[in-house]
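What follows is a single structure, written as structure tokens, with notes after it.
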Protein chains: 2
Amino acid sequence: MADTPEQSGSPKRRQHAFQAPKGTRDFYPDDLLKRRWIEETWRQVALRHGFDEIDGPRFEHTDLYTVKSGDGILSELFSFTRAGGKTAFALRPEFTPTLARMVAARANSLPKPIKWFSVGPYFRAERPQRGRLREFLQWNVDVLGSADDDEETKAQQDAEVIACCVEMLRSGGLTSEHIVVRIGQREIVEECLKGSHSNTDDLEPAFALLDKREKMKPAEFEKAAKDLGLDWNEFDRLAEAVNLAVAGEKRADEKISHWAAPLITLRKELKLLGVAEWIKIDCAGIVRGLAYYTGMVFEVHEVGGKERAIAGGGRYDKLVELFGGPPTPACGFAMGDVVLSLVLQDKGLMPSGAELAQTLGARPDAFVISTGTEESEAALFPLVAQLRRSGLHARHTSRTTRNVGKLLKEAAACHARFAVLIDDSAQSATLKNLDTQEQQEGVALDLLASKI
Amino acid sequence: MADTPEQSGSPKRRQHAFQAPKGTRDFYPDDLLKRRWIEETWRQVALRHGFDEIDGPRFEHTDLYTVKSGDGILSELFSFTRAGGKTAFALRPEFTPTLARMVAARANSLPKPIKWFSVGPYFRAERPQRGRLREFLQWNVDVLGSADDDEETKAQQDAEVIACCVEMLRSGGLTSEHIVVRIGQREIVEECLKGSHSNTDDLEPAFALLDKREKMKPAEFEKAAKDLGLDWNEFDRLAEAVNLAVAGEKRADEKISHWAAPLITLRKELKLLGVAEWIKIDCAGIVRGLAYYTGMVFEVHEVGGKERAIAGGGRYDKLVELFGGPPTPACGFAMGDVVLSLVLQDKGLMPSGAELAQTLGARPDAFVISTGTEESEAALFPLVAQLRRSGLHARHTSRTTRNVGKLLKEAAACHARFAVLIDDSAQSATLKNLDTQEQQEGVALDLLASKI
């Protein structure tokens, strides 16, 4: 724990004593503009796909997480009680349990499909690593349908969710040359396991092994599979047959065709939405760690495989019921800001502070300059206040100089759209467009706002 | 603690088991729009006053709060450690310590004055009450200057901060008939105490008593003052003399004039910024509980005194030093969303969901309708995806009906700007402006985005 100033001696030690907690970030203005740009892009892309924004508390009853994931999740949570209180709370590590709770609470009054998104902070009590912090931002996008939705409707919802995710990456300047969306299917994995596994009563260990497969050496995986009673050769043969059937590259037998059907439908829907070139379907290649997924699952990766997943999600048709709601098929994904930022920076696609200030409406409209006469000085602050009151972003120097050349440089340095030079008599002002250098003299002070 | 589903029996009990923690809020779409409107108004008003946005972590080392406020603050904090870890963390109850830490860390490289704001969640482990929740949003606005700033410069910064606060309330539709900004001055209170108190070595108990004065009965206050050794009659006489001198209503002796000087300067600056009618100066009427204030302090109240303070702040010239930075005069305020929302609702100024959707860019641009022919159906999803890709907010029905009249009603119900009716052959579409009812037939599908 950092020393408190009382305990520490020199100013230098003091200064060192206070830092952001490990795995969290301070956002100075340039950092904050980048964060805002990501948040606003998430928000605008979700809105134009017809999703409504929601949010829940930043902490929940710890139960909400253990009921879904078991007590094993406790070590990943920051959990606490109120001084003297007994109720256990935890900082939210993900949004889906909150979402399921909110849907369950109003399931009967909400028209279906429910299309919701949220943007906010999440917390994990893990060791910080590249791409993985203790506090991060996450975008959650979900569609929740009705119990009587048919398979085509569900595939359309899956495709819409994936298209929304892809569209965000496209908005950030990424293309299918940078990014691949890998799609798997848990039900197909289950069928392939049933045809290749000696213990069909408990497939969870096999799912867990497949989820880790890409991080293991082949020999290591093969040994672990053998120990579980899984014939991995047969498993891979079945999965590959499904993949070929989905791609339409090989005629399949009835069993394989039946298994492949949901991915064939999904593939058709993704094509309709114009995102086919971003997709790689590999039915058993992505299984996702979280136990609540029930059908399609997907992960978004940088094609070179350099970073962790940029986003991940899938179908979770049983979760709302677990939280007391009616049967509610659902599909969604989450995207964090940390890996996304690393990928955008690596590709040179993260805009600069000045570009972002303009995009995010943080560019000053007017930089007001007094020439230094008594009248001009007296008019400076009231004019700045008047421009701000009329909705404009107005600034003035905080320096003592009244050298117009120096002040025009300051106006340009802060990227102001206009410089306003109050005349000596403060009866009027000169309005100078700093982009075009055009200027208009003798503008009455009252009319300035309407001309900017 | 809520029962977990495993323990509980009926679906009804289950549903009840999962709720947001006490004192926190779920934001369904209509609630979220209101929250976003407040956040965006805060943000836009701060930006147009020339403040840059920053943020820190949602939790900090607990030390950061105890060093400023002592261990007494611990009962108001949600604090925790990582499983197996020793470092104590606390959810942030306020922003100022984070701000002071961030300024101290870069004090030498940041040009002055530093003008920063932030918008985000804060947490207090207190009993929830009207206007006071365990999780709330807060807007923080601060100016930090240089050690060599003169009194006039500091008064200008005080005035700018107060004007920014007032401008937000004005943007929300409030006027000086609804709201009063009450301004006090801690240095003047100190002088008045020194002239009326038997124990001038420790004025903290007297400050604490004055902070509570308005909530006490006069007799109760008078007894407590007497017990402290405070001659409250003399104190009030001195404070009133200062107030009259500030108002220019009575000529004051040299001592009183000297004490009144900073508020006279502040009053002049506030007048220049056009906010004089919102202000009530009462040098000893507002002292603020937090020990770090050193000069001007203010609180914003509904004039009827019905709710808690909407905002509060003041000058804290010693705080950055406490966190290891150089001497840095500073002034700022915080405004929460809870009391502000109550006041806006009470005055009928909180916009409706539909108004907010339009203000916040959540209104659909296009509602796309298929007439039900095979060609029109096949064109529906690709067209919606294409419009979204070109930056438009596009929707379609999720119902099976293809009755154009019913679908036009659905388009109007979601406040879409345009309905797009794909022709039977899907060669072109009819574009109908739902605000004006004007329509244009035979628009090529590729040209739709440019006409919306």
For this session: Quickly run through the stretch B:426-441 and pick out the residues that are out of contact with any Leu (no Cβ under 9 Å at 6 or more places or on another chain) and open to solvent by less than 50 Å² (accessible area, probe 1.4 Å).
Result: B:ASN433
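Just to verify a result, which residue in the stretch A:141-176, among those that are of a type in the set (Gly, Ala, Ser), more than 9 Å from chain B (Cβ to nearest Cβ) and more than 12 Å from A:ARG315 (Cα to Cα), is nearest to the chain's Cα centre (by Cα)? Even if it seems obvious, please write down each step before you answer.
If we filter the stretch A:141-176 for residues that are of a type in the set (Gly, Ala, Ser), which is where we start, we get A:145-147, A:155, A:159, A:163, A:171-173, A:176.
Okay, now just the ones that are also more than 9 Å from chain B (Cβ to nearest Cβ), so A:146-147, A:155, A:172-173, A:176.
Keeping just the survivors that are more than 12 Å from A:ARG315 (Cα to Cα) gives A:146-147, A:172-173, A:176.
Working: A:SER146: 26, A:ALA147: 28, A:GLY172: 12, A:GLY173: 15, A:SER176: 19 Å.
Here the answer is A:GLY172.
Return yes when A:ARG134 is of a type in the set (Lys, Arg) and within 22 Å of B:PHE89 (Cβ to Cβ) and no when it is not. Full working, then the answer.
On the way: of a type in the set (Lys, Arg): yes; within 22 Å of B:PHE89 (Cβ to Cβ): yes.
Here the answer is yes, as A:ARG134 does meet what is asked.
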Exercise. Among the residues of the stretch B:72-80, is any facing chain A (nearest Cβ under 8 Å) and part of a helix (DSSP H, G or I)?
Worked result: yes
For this session: Name, by its number, the condition in (1) under 19 Å from B:VAL141 (Cβ atoms); (2) touching a Leu at 6+ places or on another chain (Cβ under 6 Å) that does not hold for B:ALA334.
Result: (2)
Problem set entry | Answer residue from the stretch B:81-100, given it is more than 7 Å from chain A (Cβ to nearest Cβ) and over 20 Å from the mean Cα position of the chain (by Cα) and is farthest from B:VAL119 (Cα to Cα) among those | B:GLY84
For this session: Can you confirm whether the stretch B:117-131 contains a residue that is surrounded by 20 or more Cβ atoms within 10 Å (Cβ to Cβ), modelled with pLDDT of 95 or more and within 14 Å of B:THR328 (Cβ to Cβ)?
Result: no
Exercise. Considering only the stretch B:358-379, how many residues are surrounded by 15 or more Cβ atoms within 10 Å (Cβ to Cβ), among the aliphatic types (A, V, I, L, M) and at the interface with another protein chain (Cβ under 9 Å from one of its Cβ atoms)?
Worked result: 2
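Being of a type in the set (A, V, I, L, M), touching a strand residue (DSSP E or B) at 6+ places or on another chain (Cβ under 7 Å) and either open to solvent by 50 Å² or more (accessible area, probe 1.4 Å) or touching a residue at least 12 places away in the same chain (Cβ under 8 Å) (or both) narrows it down to one residue among A:LEU263, A:LEU238, A:LEU273; which is it? Outline the logic, then answer.
Working: A:LEU238 fails: touching a strand residue (DSSP E or B) at 6+ places or on another chain (Cβ under 7 Å); A:LEU273 fails: touching a strand residue (DSSP E or B) at 6+ places or on another chain (Cβ under 7 Å).
Among A:LEU263, A:LEU238, A:LEU273, only A:LEU263 is of a type in the set (A, V, I, L, M), touching a strand residue (DSSP E or B) at 6+ places or on another chain (Cβ under 7 Å) and either open to solvent by 50 Å² or more (accessible area, probe 1.4 Å) or touching a residue at least 12 places away in the same chain (Cβ under 8 Å) (or both).
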Seminar exercise, completed: Filtering helices (runs of 4 or more DSSP H) wholly in the stretch B:373-452 for at least 1 residues that are at pLDDT 95 or above and among the acidic types (Asp, Glu) gives B:374-389, B:404-413
Exercise. Tally time: how many residues in the stretch B:23-41 are assigned to a loop (DSSP other than H, G, I, E, B) and either among the aliphatic types (A, V, I, L, M) or more than 8 Å from chain A (Cβ to nearest Cβ) (or both)?
Worked result: 1
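Name the single residue, out of those in the stretch A:48-71 being within 30 Å of B:VAL368 (Cβ to Cβ) and at the interface with chain B (Cβ under 7 Å from one of its Cβ atoms), that is most open to solvent (accessible area, probe 1.4 Å). Step through it out loud before you land on a result.
To start, the set of residues in the stretch A:48-71 that are within 30 Å of B:VAL368 (Cβ to Cβ) comprises A:48-55.
Applying the additional criterion that residues be at the interface with chain B (Cβ under 7 Å from one of its Cβ atoms) yields A:48-50, A:52-55.
Working: A:ARG48: 34, A:HIS49: 9, A:GLY50: 7, A:ASP52: 60, A:GLU53: 22, A:ILE54: 1, A:ASP55: 2 Å².
Top of the filtered list is A:ASP52.
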For this session: Test A:ARG82 against the stated conditions and say whether it is open to solvent by 10 Å² or more (accessible area, probe 1.4 Å) and closer than 30 Å to B:GLY72 by Cα.
Result: yes
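Can you tell me how many residues within the stretch A:88-112 are open to solvent by less than 40 Å² (accessible area, probe 1.4 Å) and over 18 Å from A:ALA334 (Cβ atoms)?
Result for the stretch A:88-112: 5.
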Exercise. Which members of the stretch B:288-337 meet the condition of being under 22 Å from B:ILE38 (Cα atoms) and within 14 Å of another protein chain (Cβ to nearest Cβ)?
Worked result: B:ASP337
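The values are calculated or read from the model by the stated rules, or taken from the named source; none is laboratory data. Everything numeric in this text was worked out from a predicted model, so none of it was measured. Cβ atoms come from the backbone with ideal geometry, glycine included; neighbour counts cover every protein chain shown. Remember, those area values only see protein heavy atoms, side chains included, never the ligands or the DNA or RNA. Shrake-Rupley method; radii C 1.70, N 1.55, O 1.52, S 1.80 Å.
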